[in-house]
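Beneath this line is the structure, given in structure tokens, with notes to follow.
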There are 2 protein chains.
Amino acid sequence: MNVLLVLAHPERHSLNGTLVDIATRELTSLGHDVQLSDLYRMDWKATVDQADFPHGATDPLNVAAASARAYETGQLTDDVKAEQEKLRWADTVIFQFPLWWFSAPAILKGWIERVFSAGFAYGTGRSYGDGCMKGKRAMLSVTIGGTEHDYSARGICGPIEDLLFPLTHGTLFYTGFATLPSFLVYSADRLEERGEGFSELVDRYRERLATLETTAPIPFRSAASGDYDLRTRELRPAWRLRTRTASGCI
Amino acid sequence: MNVLLVLAHPERHSLNGTLVDIATRELTSLGHDVQLSDLYRMDWKATVDQADFPHGATDPLNVAAASARAYETGQLTDDVKAEQEKLRWADTVIFQFPLWWFSAPAILKGWIERVFSAGFAYGTGRSYGDGCMKGKRAMLSVTIGGTEHDYSARGICGPIEDLLFPLTHGTLFYTGFATLPSFLVYSADRLEERGEGFSELVDRYRERLATLETTAPIPFRSAASGDYDLRTRELRPAWRLRTRTASGCI
């Protein structure tokens, strides 16, 4: 398997950094190939704006239309192209990040906004289980300051599955990934110290890494299931991909 | 009332920009004072990192600990201090943004990560209805490409209230704001054209703006309600605010 690790933490010597090291070691020893996108070390540009379309944005700027045009003509910026190439290469993607304000750090959100361009990840007429990332797997690996109890079904923070739904369903499943159940590390501030519970954590993560190919994805219902009466697709956006392929993906 | 508008859209001549203009005009005519943080025009730095703590981060960097120390000693960066000053001034905050990948744009997420520093917005022992923003109101004003149907209770995208919960509950209510029901604009790409439905939209928004002070907040249950058995508070973080005040807020 080819595995892409995407790390979003400002401190390489953190629990998040350690989990990436564990994943790299474990996956390599299992015979997989690993690439790492360490967003902070790459000084990743987190905001999508006019500068993302150096060969001409729409005026006024419509991000979807501009990114569709730039993608089709090979004129996205080099940093975005490099990440798209890694995604094409990958069979599985693991996102490693701390839960900040109940979602992903801004730098990772900005990676999604820029790399998941129109034509590459959306706007092709395929979505929710049938997007262009179909055949790939993805997993969130998330460190959380609070306790499992407070993120349980009736915990004060709300159920963690619901908090992560915009990522697991709205981002990953939408674009075609089979989303695996998230790997969750609670009370994470204590584990930074590598004290009590740390070796159990390592064992638990290694087990998940060893079963990446066989773990059943979250059973989200696909757009093709017939369970939904879709309306959004009936809207005609002001922009359209010009390229036509049988699959819709280019 | 003092109202802070926070705008997160790369194109000022967009529906989001127009909604901010409508809000400014309407609120001013009602006798309120308005300030605008136009994040893209401010070239807002979206990622929290070592550079946020020029007078010394912790080593290794622990964002919560470093931001607590910098906040207490008045050594946060000037851009962050200016936004905190606006929040102190504001009675009500309106966040205007497009729903991108089922959450806020990265630039707004990064505004929250940097401005809502430890000591200012969390880490004081007060949260969920009792945070330091208590007494202030907040509202999300969100443009959404898809249809209301697809964001309804059983729509394919998931209920919009659930998708926005990390912001309405986990960010705003957590820090003490009374969060008003979100103002939602569906099928937004069509409205960019200011065609059909646009004047109804303006009327609907003006009505919400006129009733900001009287609209009932979302009835989230507070930490003090006794409805929750809290565990996260029992964790002792590696860092602590040194300042002690009666309220916990400084």
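The values are calculated or read from the model by the stated rules, or taken from the named source; none is laboratory data. It should be emphasised that the depicted structure is a prediction, and the values quoted were computed from it without experimental measurement. Here Cβ is always computed from backbone atoms with ideal geometry, including for glycine, and neighbour counts include all displayed protein chains. Keep in mind that these areas ignore ligands, DNA and RNA; they rest on the heavy atoms of the full protein, side chains included. Shrake-Rupley method; radii C 1.70, N 1.55, O 1.52, S 1.80 Å.
Candidates in the range B:57-73 are the residues that are open to solvent by 40 Å² or more (accessible area, probe 1.4 Å) and assigned to a loop (DSSP other than H, G, I, E, B); of these, the one that is nearest to the other protein chains (Cβ to nearest Cβ) is B:P60.
A count restricted to the range A:1-49 and to residues that are open to solvent by less than 60 Å² (accessible area, probe 1.4 Å) and assigned to a helix (DSSP H, G or I) stands at 11.
Tell me, yes or no, whether the range A:183-192 has at least one residue that is farther than 28 Å from A:K86 by Cα, more than 8 Å from every other protein chain (Cβ to nearest Cβ), free of Cβ contacts under 8 Å to residues at least 24 places away in the same chain and not in a loop (DSSP other than H, G, I, E, B). Within the range A:183-192, none of the residues are farther than 28 Å from A:K86 by Cα, more than 8 Å from every other protein chain (Cβ to nearest Cβ), free of Cβ contacts under 8 Å to residues at least 24 places away in the same chain and not in a loop (DSSP other than H, G, I, E, B). Taken together, the residues in the range B:152-171 that are outside any loop (DSSP other than H, G, I, E, B) and either within 9 Å of chain A (Cβ to nearest Cβ) or farther than 21 Å from A:R221 by Cβ (or both) amount to 10. Of all the residues in the range B:81-137, those that are away from chain A (no Cβ under 14 Å), open to solvent by less than 20 Å² (accessible area, probe 1.4 Å) and part of a helix (DSSP H, G or I) number 3. Residue count for the range A:204-232, restricted to those that are more than 9 Å from chain B (Cβ to nearest Cβ) and either open to solvent by 40 Å² or more (accessible area, probe 1.4 Å) or touching a Ser or Thr at 6+ places or on another chain (Cβ under 7 Å) (or both): 16.
If you go through the range B:179-203 and keep only what is polar (S, T, N, Q) and either more than 23 Å from B:F165 (Cβ to Cβ) or open to solvent by 50 Å² or more (accessible area, probe 1.4 Å) (or both), you end up with just B:S199.
For B:L140, the requirement of being surrounded by 20 or more Cβ atoms within 10 Å (Cβ to Cβ), within 8 Å of chain A (Cβ to nearest Cβ) and of a type in the set (A, V, I, L, M) is not met.
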